Structures are given as C-alpha cells and as structure tokens.
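A short reminder: the numbers here are calculations on the coordinates, not readings from a lab. Only a predicted model underlies this, so the values are computations on that prediction, with no experimental measurement involved. A quick note on method: Cβ atoms are made from the backbone with ideal geometry, for glycine too, and the neighbour counts reach across all protein chains shown.
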Amino acid sequence: MVTAVQICILLLHSKAKCRSVSFQTELCLLIIMVTGGVFMYIVSRPKPLSDGRNQALTKKDATVYPPGYLRFLRRFGEGTYRGWLNVQFPDTEVLKPFAEYGLWEHDEDSPITEQQIGECIVIGTTVDGDFLAVHPQTAGLLWLPRHAVHVKAISLQVREQEDDGMYALVLDEVYRQVYGISQEEAVYYEPWTGTRSHLFLRLPQGQDQLSLPDLAGMCQADFPPDLSIETQYACFLFYRQLGGYVRLNYAYQQEVAVFYEQDAQQAFAVMEQWLLSKGCEAISGNNR
C-alpha cells in the first residue's frame, strides 16, 4: 500500500490532474491519502488540540461514533469538510431543547423517538442548519434536517481498516445518502485555526471589464494554485503560501474573496495588489 509520505514524494516530481481539479508541487504537509486512493487537501495547518480536549476525546466511547471520527478530530481538529459540513467535537447539549420544539414528525418508522432527540450527540452541522448526530442506543448515524420533517437514519458499511482519512469517506457516504448524488470535486478540509483573516472585493461589471472566469484564468496563469476547483457557481484557488484560498463567486458575478492565515501577510499583500491591479475594489476584511 502506498503511504501518504510516498504520495507526497510523488507529488514533488509530478503534477496530477483530474477533471476540474489540479494539483501542483510542494504539498508534503498539506495532502494526505484517504483510504481508497483519494487525496485530501488540507487548507492550512491544523491547530494542535489542547491537552484537555485530547484527554476528553480519549475518554469517549469509540463505539458510539462513526468509524474514524475521533481519530480525524485528533489529527485535524474541528473544521469544514469540502465546504459543506462542519466537523465538530461531540456536543451533548445543543439538541436537548429540540425535543420540545416538535420540528420533526415521528412514527413507527422513525429511527428515534421525539424524547430521544434530546439525548443525541451532535458531531456535525451544515450551513443550512442540518445536524449530523449519533444516539448511544441507535446504530449508525442520524440526519436531522432543517428543512424537512423526518429524521433520517444513515447506515454505514463496516470498515476493517482505520486511518486518518477514513472519516472523509464516511462523510462522502453521508452526502450521497442525504442528497442522492456524489460530490465530483476535489476533497479538501479547512481546519478552524482561529488565526484566519479574509478580504472581500468586487469586480465591477461594465464594457471592456473582465469577467470573473477571465480573472480566474489570469490568476491561475500568474499564480499557479496548489489545488483548483471550478464549477458553474464558483472557482476556488488554493495556495499553500496563503494557508487559504481565493474564491471567485461566479453566481454573484462580482464577488472575490481571499482567505489567508495571519502569518501569511506577505503572500496576501502580493495577491491583494494583483487583484486591485486587475480592477477589483476592496469591500471589507477582518479576522475570523
């Protein structure tokens, strides 16, 4: 089996492309291999867990949680997976009030009762307000949707081997069962470092003005990204030097955002000046 270290060495001597995804060189510390030969790009260096949180995870009953979840948290910390799901530490409190809200319908086919909602442990959330949870007395995962009335049970295949990236495969399976489709874009994880800053800009529209796709192409030519993801809605250009990425929002036609680590000020300044030279106008920026 090829190890993550061997993969990184290969990446230093080659360039791999797949559909809308492209990898560049010098990513030894930012790419791992997920079980099954899939690469996962780590946007910035994960923030080391405190001793208290490490000890808390060690005391957790691993059988309650999905395969690889606790190991993933210890390795990468909390963060956002593929821009979709927030991977969080177990939260036993957040759903307790929901047992009385009557947000979801329950019948004989429901995986849990209304009372058991308050006993669930949340391990993930989406930007839409959905919850990914477990219940100590229920096998598999539970999906509590924000905009639907039924709690969904998610069954997982038993995997014999566990590694740092196994939980990524679990989340991909959750996505497939919830939405009925698979994500085709690259796999990436954005750790919550607590030292992230951002700048929002706009590219004015008008005659003889660049379009966002044009700007994206020029940016890739002048600053070859370590990873790029492009869809009809947006283009993400990831850079190791930024510890972040440039996001061009095709859907809004004008919005450009730069996300970067606070210790990457020099790389950020170069990117900012380049964007301004192409006609972008700064809107706002701060830490997050």
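Some notes on this structure:
- Taken along the Cα-to-beta-carbon direction at a fixed 7 Å, the label points for THR138 and ALA99 span 1.3 nm.
- Taking a ≥ b ≥ c as the square roots of the Cα gyration tensor eigenvalues, region 231-285 comes out oblate, since a/c reaches at least 1.5 and a/b does not exceed b/c.
- Per DSSP, loop chymotrypsin sites (Phe, Trp or Tyr not before Pro) in region 49-110 with at most 10 further Cβ within 10 Å: TYR101
- Förster radius 45 Å - calculated FRET efficiency between ASP222 and ARG146 (Cβ-Cβ, nearest 0.05): 0.65
- GLN55/ALA153 FRET efficiency (R0 30 Å; Cβ-Cβ; nearest 0.05): 0.45
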